[in-house]
Amino acid sequence: MNTLSTAVQIGRYTLRNRMIMAPMTRSRANDADGVQSELAVTYYRQRASAGLIVTEGVFPSAMGKGYVRTPGIYSDEQVAAWKKVTEAVHAEGGRIFMQLMHTGRISHPSMLPGGALPVAPSAIKPAGQSFTVNGMVDFVTPRALETSDVAGVVDEYRLATRRALEAGFDGVELHAASGYLPEQFLTSGSNQRSDQYGGSLPNRARFILEVLGAMIAEAGSDRVGIKISPEMGFNDIKDDEPVETYTYLVRQLAPLNLAYLHVAKFKAEYDYHGALRPLFKGAYILGGGQTRESGEQRIAAGEADAVAYGSAFLANPDLQRRFALNAPLNAPNPALFYAPGAQGYIDYPVLADAASNRALRIHAYGGAEVMQWDEVPMPQPGPDEVLVRVTAAGVNGLDWKIRDGLVKDVFQLPLPATLGLELAGEVAAVGNEVEGFAVGDRVFGALGGLGAYAGYVAVPASKLAPIPAALESATAAAIPVASMTAWQALFETGQLQRGETVLIHGAAGGVGSYAVQFAKQAGARVLATAQGRNADLLRSLGADEVIDYKTTRFEDVAKNVDLVFDLVGGETLDRSWQVLSPQGRIVSIAAPDIVMRAPDGRRGSWHTMRPDGKLLARIAAQAASGELTVVVSDIVNAEQAPAAIERNKTGHGAGKTVIRF
């Protein structure tokens, strides 16, 4: 299952997915007054499919500004501009928190009222430069806040929280990372105070806890989150004992019942996620260089409740959809991260609404030359159907028989027709009556007809089963048709009983390999015909005796057989009647006319597979546990599919061939 697409509780809100858009400075606001740009309305609306958006850092007061063209939240004009953003996000069904970011010493007098010096816990000049309207300039030595000044800064956070709620935000996040004012107070390298806000670790943590207390007083604890980034080292921030520092801080956060703790880990070798997650009982958001796959793994392992994505959301407004479809991602353009204007901000493309769909079709009966990949319409799932984005499909003998026109009297098809009987993939959409499947789930199944060799296929939900986590999609695609054919033919049509003898013709193929295993599990004596090179494989699957049909006549070995499972047809079927016991019977999937070919007094049945999602789920569980071996002879890409189907006709290895899309 795609765990990123499942709902999660963050504070008072149930988010529709676990993908958090991380806060990212974008520098599109009016530099003169800190009013957010109209472009931001579009920017955030485009990304509203995130479970939660956390905005770029917003300065809570004029003295908190640290970068050119960044927005504030202390004036009426700023509140009005932000209100347009929250309304746009809410109109799309999204949730959005504002990140409050006071940069402290990471600023410059050219950006502050009256050319004032930046403020900090101590008058220590940071290494590095400030991003101003005139370009990069060296940081200056900040003014150390007086003890009496600190309460006023705390109050600025309180008022900013109030104004953020007025603007319609669902909550607020304290930016206590990246070397800004809260982290400057917390870390020993930037805090050399001797009052109650410096010296001991409890004193250095006091500022953060007082700020959170002020924010909670305005919003309630379930609408307040915090971001930290231990040992990130950004903006010349250093601490002598970072593990001790952040462990202490998170222990103090635990009783506050915050909406979440957001921990971004970048450079640190220490496993902060492993250490801090158990200390915090609320929602844990994990960030820092995560991919779709790593995010899924983190959540599945219980290491996080949600995952924050930064540049991936920046460059992919529809990141949630792309992850669900496993679609390619746009690459971000760092040169435009902080540039003014729409370019590199709201012009990243989304997936086309009418996504392309290709299918392998035959336009006439014949050989490999009649097959080609065509663009076809995107199917729409019916009320009881699931739209599957196909990632793999199994090759079956019926593919080439239909292509060659050998069964056109039985399977009358309007041409062109899409080949393929079974598939594995991910759920792209579900009908309104479907239960038990969600977008992003991995599923597989047999169609009970043609059409599996396509990018997207609508399948009745009853024919599908979840793919166990232990199975790769290509392996799963080799299971449905062959395994259900074998099981149903042996036990439903053939009525195989414990202690009986079964002879399986063509036992090394896809259906045969499953039939050998199922029959042995049921307590039958298993005889198998195959080429000698496959004898060891079949014995490993459970065959009691393997007959090399190239060197030995099976009727000289097999006697008093209770059930013959015929996967070959032709003269092999005709010779099989003589090996039956008086109560013996033959089930064939190779000879539709078996009833007419049966001698008087003999029972012969033609079997066709019936798709059954529940049966498939039971078989899949056996495969995932190792009780059932899935034999795959070859995996090919989509462009090699016509050749793979031709090889299936002329002879191929043991087991199944799978096409990977």
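The values are calculated or read from the model by the stated rules, or taken from the named source; none is laboratory data. As the structure is a computational prediction, the values presented were derived from the model and not from experiment. Please note: Cβ atoms are built from the backbone with ideal geometry, for glycine as well, and neighbour counts cover all protein chains shown. Only protein heavy atoms, including side chains, enter the accessible area calculation; ligands, DNA and RNA are left aside. Shrake-Rupley method; radii C 1.70, N 1.55, O 1.52, S 1.80 Å.
Observations on the structure shown:
- Lone qualifier among D240, D222, D170 - being over 36 Å from the mean Cα position of the chain (by Cα) and of a type outside the set (K, R): D240
- Hits in segment 237-251 (condition: of a type in the set (S, T, N, Q) and either buried (at least 18 other Cβ atoms within 10 Å of the Cβ) or not in a helix (DSSP H, G or I) (or both)): T245
- Whichever residue in segment 529-560 is part of a loop (DSSP other than H, G, I, E, B) and of a type in the set (K, R) and, among such residues, is farthest from T501 (Cα to Cα): K550
- Among (1) open to solvent by less than 30 Å² (accessible area, probe 1.4 Å); (2) more than 30 Å from A446 (Cα to Cα); (3) of a type in the set (G, A, S), the one test that G532 misses: (1)
- Complete set of residues in segment 10-29 that are at pLDDT below 95 and outside any loop (DSSP other than H, G, I, E, B): Y13, T14, L15
- Elements of type strands (runs of 3 or more DSSP E) contained in segment 47-155, each with 1 or more residues being in contact (Cβ under 8 Å) with a residue 60 or more places away in the chain: 52-58, 96-100, 129-132
- The set of residues from segment 293-321 being among the charged types (D, E, K, R), surrounded by 19 or more Cβ atoms within 10 Å (Cβ to Cβ) and closer than 18 Å to A48 by Cα comprises just one member, D318.
- Residue that is surrounded by the most Cβ atoms within 10 Å (Cβ to Cβ) [pool: residues in segment 590-606 that are in a strand (DSSP E or B) and touching a helix residue (DSSP H, G or I) at 6+ places or on another chain (Cβ under 6 Å)]: G604
- Checking V587 against (1) buried (at least 21 other Cβ atoms within 10 Å of the Cβ); (2) in a helix (DSSP H, G or I), the condition it does not meet: (2)
- Selection within segment 607-651: residues that are out of contact with any strand residue (DSSP E or B) (no Cβ under 6 Å at 6 or more places or on another chain), in a loop (DSSP other than H, G, I, E, B) and not acidic (D, E). The member of this set that is surrounded by the most Cβ atoms within 10 Å (Cβ to Cβ) is V630.
- Residue under evaluation L329, criteria (1) closer than 26 Å to G51 by Cβ; (2) of a type outside the set (F, W, Y); (3) at pLDDT 95 or above, criterion not met: (3)
- Residue check for A465: open to solvent by 10 Å² or more (accessible area, probe 1.4 Å), small (G, A, S) and out of contact with any Asp or Glu (no Cβ under 6 Å at 6 or more places or on another chain): no
- Among the candidates R204, R163, R158, R193, the residue that is under 26 Å from K267 (Cα atoms), open to solvent by 10 Å² or more (accessible area, probe 1.4 Å) and either part of a strand (DSSP E or B) or among the charged types (D, E, K, R) (or both) is uniquely R204.
- Close contacts from segment 221-236, counting a first residue that is open to solvent by less than 20 Å² (accessible area, probe 1.4 Å) and a second that is part of a helix (DSSP H, G or I), with Cβ to Cβ under 6 Å and a gap of 6+ residues or different chains, come to V224/M215; V224/I216; P230/P242; P230/Y246; P230/Y272.
- Close Cβ contacts (under 7 Å, 6 or more residues apart or on different chains) running from residues in segment 454-472 that are among the aromatic types (F, W, Y) to residues that are in a loop (DSSP other than H, G, I, E, B) comprise Y456/N357; Y456/M378; Y456/P379.
- Pairs with Cβ under 9 Å, 6+ apart, first in segment 514-527 and farther than 16 Å from F554 by Cα, second among the acidic types (D, E) and in a strand (DSSP E or B): A524/D562
- The strands (runs of 3 or more DSSP E) falling completely within segment 414-520 that include 3 or more residues that are closer than 30 Å to G569 by Cα map to 422-430, 442-446, 501-504.
- Being assigned to a loop (DSSP other than H, G, I, E, B) and β-branched (V, I, T) is not true of V386.
- Residue in segment 460-471 that is modelled with pLDDT of 95 or more and either under 18 Å from L360 (Cβ atoms) or hydroxyl-bearing (S, T, Y) (or both) present: yes
- Test: residue in segment 393-409 that is open to solvent by less than 20 Å² (accessible area, probe 1.4 Å), touching a Lys or Arg at 6+ places or on another chain (Cβ under 7 Å), touching a residue at least 60 places away in the same chain (Cβ under 8 Å) and under 22 Å from F323 (Cα atoms): no
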